[in-house]
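Enquirer: Got a structure here, written out as structure tokens. Questions coming.
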Amino acid sequence: MTEKLEDSPWIRRFHESVPGATRLVCFPFAGGSASYFYELSQRLRAVVEVLAVQYPGRHDRMGEACVESVPELAAGVAEALAASADDRPVVFFGHSMGALVAFETAIALSGGGSAPRALLVSASRGPSVPARRDENFGTDAEIMADLRELNGTSEQLLANEALMQVVLPVVRADYRAVARYRSSPEARVSCPVTALTGDDDPLVDQSEARVWERHTTGGFRLRQFPGGHFFLDENRDRLCEELALLTASAAALGH
């Protein structure tokens, strides 16, 4: 029996879309939440059903313990998507840590009706490339300096000591999950993979992003954008174009 998405703590749907629209499942970065994709959902709602993943330990799941394992995060998402699967095409989109969770989720769902027909990964080294940070990375001050360098967290939030006491344990848990993760060099998805990079990203260079090509049997594309680790924020129009192209191609594969 198919379950409703609204019944899952793992998935958020901010806007209704047209019946039968391709599903775009979005996976947040370390420290991020489903709400990061609200604007994307609003912009694509006429043609795509955007679903955003909500990891434990943040927003309405704040009372739950964070999960410090990429495969465990993927297992939770995979279970939720499999329970609510229908016959519409699905595309996965993950940013930074979210790319790794999306990859593991795709592997977990391979061969089933909820497996993605395309995978878009941004600001992420290939899954078999070791993380640059170890699992005990940094003091609170060093993590905040890291967040400032990556330029994905507002200065207003960073300056709010009370809020940062809530945010920092979540970020630290996600950093640990990434540091502990490394896929087998033989791990592959069968769908096409598109990798997006920022030309000034301090965490990911082109050669590391190109490693994604080794983890698919379905074709590979690499595109570079101006900007740093959060180049998406300054390239929203181009991102929407890329996602519209991917979802249209995924829908065409079913005909």
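The values are calculated or read from the model by the stated rules, or taken from the named source; none is laboratory data. As the structure is a computational prediction, the values presented were derived from the model and not from experiment. Note: ideal-geometry Cβ built from the backbone for every residue, glycine included; neighbour counts use all protein chains shown. Note: areas computed on protein heavy atoms with side chains; ligands, DNA, RNA excluded. Shrake-Rupley method; radii C 1.70, N 1.55, O 1.52, S 1.80 Å.
Enquirer: Within 17 Å of residue 28 (Cβ to Cβ), β-branched (Val, Ile, Thr) and surrounded by fewer than 16 Cβ atoms within 10 Å (Cβ to Cβ): which single residue out of 178, 166 fits that description?
Expert: Within the list 178, 166, the selection yields 166.
Enquirer: Given the structure, is residue 101 under 21 Å from residue 176 (Cα atoms) and crowded, with 24+ Cβ neighbours inside 10 Å?
Expert: Yes; evaluated as a whole, the condition is true for this residue.
Enquirer: Given the conditions (1) open to solvent by 10 Å² or more (accessible area, probe 1.4 Å); (2) more than 21 Å from residue 209 (Cβ to Cβ), which single one is not true for residue 51?
Expert: That leaves (1) as the condition not met.
Enquirer: Now for a separate question. Does residue 242 satisfy the criteria of being among the charged types (D, E, K, R) and more than 16 Å from the chain's Cα centre (by Cα)?
Expert: On the way: among the charged types (D, E, K, R): yes; more than 16 Å from the chain's Cα centre (by Cα): no.
No, not satisfied.
Enquirer: Okay, next question. Hey, can you tell me all the residues within the range 1-16 that are of a type in the set (Val, Ile, Thr) and open to solvent by 20 Å² or more (accessible area, probe 1.4 Å)?
Expert: Answer for the range 1-16, where residues must be of a type in the set (Val, Ile, Thr) and open to solvent by 20 Å² or more (accessible area, probe 1.4 Å): just 2.
Enquirer: Residue 74: out of contact with any His (no Cβ under 6 Å at 6 or more places or on another chain), open to solvent by 10 Å² or more (accessible area, probe 1.4 Å), of a type in the set (A, V, I, L, M) and closer than 15 Å to residue 11 by Cα, yes or no?
Expert: No; evaluated as a whole, the condition is false for this residue.
Enquirer: Any residue at all in the range 205-228 that is open to solvent by 60 Å² or more (accessible area, probe 1.4 Å), hydrophobic (A, V, I, L, M, F, W, C) and either part of a helix (DSSP H, G or I) or closer than 13 Å to residue 124 by Cα (or both)?
Expert: No.
Enquirer: Something else about it: With the requirement that a residue be open to solvent by 10 Å² or more (accessible area, probe 1.4 Å) and under 21 Å from residue 174 (Cα atoms), what does the range 17-37 give you?
Expert: If the condition is that a residue be open to solvent by 10 Å² or more (accessible area, probe 1.4 Å) and under 21 Å from residue 174 (Cα atoms), then 29, 30, 31, 33, 35, 36 are the ones that fit.
Enquirer: Among (1) at pLDDT 90 or above; (2) among the polar types (S, T, N, Q); (3) open to solvent by less than 50 Å² (accessible area, probe 1.4 Å), there is one condition residue 110 misses while meeting the rest; what is its number?
Expert: If we test residue 110 against (1) at pLDDT 90 or above; (2) among the polar types (S, T, N, Q); (3) open to solvent by less than 50 Å² (accessible area, probe 1.4 Å), just (3) comes out false.
Enquirer: Continuing with this model, one more query. In the range 135-152, is there at least one residue being of a type in the set (A, V, I, L, M), surrounded by 12 or more Cβ atoms within 10 Å (Cβ to Cβ), touching a residue at least 40 places away in the same chain (Cβ under 8 Å) and within 21 Å of residue 33 (Cβ to Cβ)? Explain how you work it out, then say what you get.
Expert: Just the residues of the range 135-152 that are of a type in the set (A, V, I, L, M), to begin with: 141, 143-145, 147, 150.
Filter again for surrounded by 12 or more Cβ atoms within 10 Å (Cβ to Cβ), leaving 143-145, 147, 150.
Of the ones still in play, those that are also touching a residue at least 40 places away in the same chain (Cβ under 8 Å) are 147, 150.
Still in the running and within 21 Å of residue 33 (Cβ to Cβ): 147, 150.
Taking every residue of the range 135-152 in turn, at least one turns out to be of a type in the set (A, V, I, L, M), surrounded by 12 or more Cβ atoms within 10 Å (Cβ to Cβ), touching a residue at least 40 places away in the same chain (Cβ under 8 Å) and within 21 Å of residue 33 (Cβ to Cβ).
Enquirer: For residue 233, state whether it is closer than 26 Å to residue 147 by Cβ and either without any contact (Cβ under 8 Å) to a residue 24 or more places away in the chain or open to solvent by 30 Å² or more (accessible area, probe 1.4 Å) (or both). Full working, then the answer.
Expert: Values: closer than 26 Å to residue 147 by Cβ: yes; either without any contact (Cβ under 8 Å) to a residue 24 or more places away in the chain or open to solvent by 30 Å² or more (accessible area, probe 1.4 Å) (or both): yes.
Answer is yes for this residue.
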